[in-house]
Amino acid sequence: MTFPGAVPPPPDETIDAGVAWHYGDPFAEQRSAVRSVVVVDRSNRGVIAIPGEDRLKWLHQLTSQHFEQLGEDEATEALVLDAQGRLEHHMVVANVGGTVFLDVEEADDLLAYLRKMVFWSKVEPRDATSEFALLTITGPDTPALLEKLDVPLPASAAALGEGFVRRVSWPGQNSVDLLVPRAELGDWWQRITDAGARPAGSFAFEALRVESLRARQGVDTDERTIPHEVGLVDPAVHLTKGCYRGQETVAKVHNVGRPPRRMLLLHLDGSADAQPVTGDPVVLDGRVVGRVGTVAQHHELGTVALALVKRSVPIEAELVAGAPEREVQARIDPDSVPPDTPGLGREAVRNLRG
């Protein structure tokens, strides 16, 4: 759906086709998300609905999360891994009104897998993308906005008509997702903006996501990615639950504490005519040591990117990011280094900054 003032993404920005790129001033939209409140149309997300009395037990067996402990009106994240522990699907979850809702980058492949695994379980997974649309509201003024809308600010999740309102930890203070009937998307957008939320597009949202060090499947991940490399263990993996596909790798890497790569924030030379794109190499001394994920223009940080980089790369290394025709200098942001990285405590970070 196109809302008033929406500027569509350029032709090469295909991943968020169908939603607004910005509404005239993407940097002001980012600042509003930090200082007041914005609403972002994320209706291009896929939605899978799973009703049925066995839904929690069934998902518990198939995913990395402890669904048997997920109560009514609770939210979480979960993964489907392959036998080697590599990431196949990342989903954000809400269990409301007797249905588990999964929102994902794209529903078809995950739904096909889930349907193959039903067997005798009492579950009815379906593609609900045509039924529901996702909106994200973020900013410190979110509670006041929701009060105007007569929408609860839940501790985790709550039913909202046929959909839900879900508390999320990013991209900013007091962020929530609303899953609303797709036929009512325009009405909800009008209500939210009339209540004081500034419209913001994918340009701003992606910049805030990069700042939050949140990986996007298929952009910041590749076919070899394991959860530990991209910060998905804490929100999406229950480390003491029973057996699931890929658990052996998850446990081994968790115990050893050294995944082969880590997702870091790179500061790029923004003065160059061209910038790297997703999938471009990250190079150190002439050898490839990583891959570029999301590249974003941040209102304070400038040109930044998420990148999967080999663990052996020194934090202070002088890197080059991009294919030959769009190479730029890059440096690692020390604050993006996972806190469990050996030898990089607070003192080391201070030394790097100094």
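The values are calculated or read from the model by the stated rules, or taken from the named source; none is laboratory data. All values reported here derive from a predicted model rather than from experimental measurement. As a convention, Cβ positions derive from the backbone with ideal geometry for all residues, glycine included, and neighbour counts pool all protein chains shown. Note: areas computed on protein heavy atoms with side chains; ligands, DNA, RNA excluded. Shrake-Rupley method; radii C 1.70, N 1.55, O 1.52, S 1.80 Å.
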(Q) Criterion first (touching a Cys at 6+ places or on another chain (Cβ under 9 Å), over 27 Å from W189 (Cα atoms) and not assigned by the TED database to the domain that holds G161) does Q61 satisfy it? (A) yes
Q | Residue count for segment 74-85, restricted to those that are surrounded by fewer than 17 Cβ atoms within 10 Å (Cβ to Cβ) and of a type in the set (D, E, K, R) | A | 1
Q: Identify, from the list V233, V165, V210, V250, the residue that is open to solvent by 20 Å² or more (accessible area, probe 1.4 Å) and β-branched (V, I, T).
A: V233
Q) Under the condition of being assigned to a strand (DSSP E or B) and either free of Cβ contacts under 8 Å to residues at least 12 places away in the same chain or not hydrophobic (A, V, I, L, M, F, W, C) (or both), which residue from segment 78-112 is farthest from E206 (Cα to Cα)? A) T99
(Q) Are there helices (runs of 4 or more DSSP H) fully within segment 193-271 with at least 1 residues that are closer than 28 Å to Q30 by Cα and touching a residue at least 24 places away in the same chain (Cβ under 8 Å)? List them. (A) 202-211, 233-236
(Q) Just to be sure before I move on: is Q69 among the polar types (S, T, N, Q) and open to solvent by less than 30 Å² (accessible area, probe 1.4 Å) in the structure I sent? (A) no
Q: Please find, within segment 284-310, the residue that is farthest from D222 (Cα to Cα) out of those that are in contact with a strand residue (DSSP E or B) (Cβ under 6 Å, 6 or more places away or on another chain) and surrounded by fewer than 18 Cβ atoms within 10 Å (Cβ to Cβ).
A: V288
Q) Which is under 21 Å from S212 (Cα atoms) and either of a type outside the set (D, E) or part of a loop (DSSP other than H, G, I, E, B) (or both), of V304, V288? A) V304
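Among the residues of segment 168-179 satisfying the criterion of being more than 14 Å from A197 (Cβ to Cβ) and assigned to a strand (DSSP E or B), which is farthest from the chain's Cα centre (by Cα)?
L179
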Q. Within the bounds of segment 120-134, is there any residue that is open to solvent by less than 10 Å² (accessible area, probe 1.4 Å), out of contact with any Phe, Trp or Tyr (no Cβ under 7 Å at 6 or more places or on another chain), farther than 10 Å from I48 by Cα and not aromatic (F, W, Y)?
A. yes
**Q.** Matching residues in segment 7-24 - criterion: being open to solvent by less than 50 Å² (accessible area, probe 1.4 Å), at pLDDT 95 or above and either in a loop (DSSP other than H, G, I, E, B) or of a type in the set (K, R) (or both)
**A.** V19, A20, Y23
**Q.** Number of the exception - P11 against (1) more than 19 Å from the chain's Cα centre (by Cα); (2) closer than 14 Å to E206 by Cβ
**A.** (2)
Q. Is there any pair linking a residue in segment 143-167 that is in a strand (DSSP E or B) to one that is crowded, with 16+ Cβ neighbours inside 10 Å and aromatic (F, W, Y), with Cβ under 7 Å and at least six apart or on different chains, and which?
A. A157/F164; A158/F164; G163/F132; F164/F101
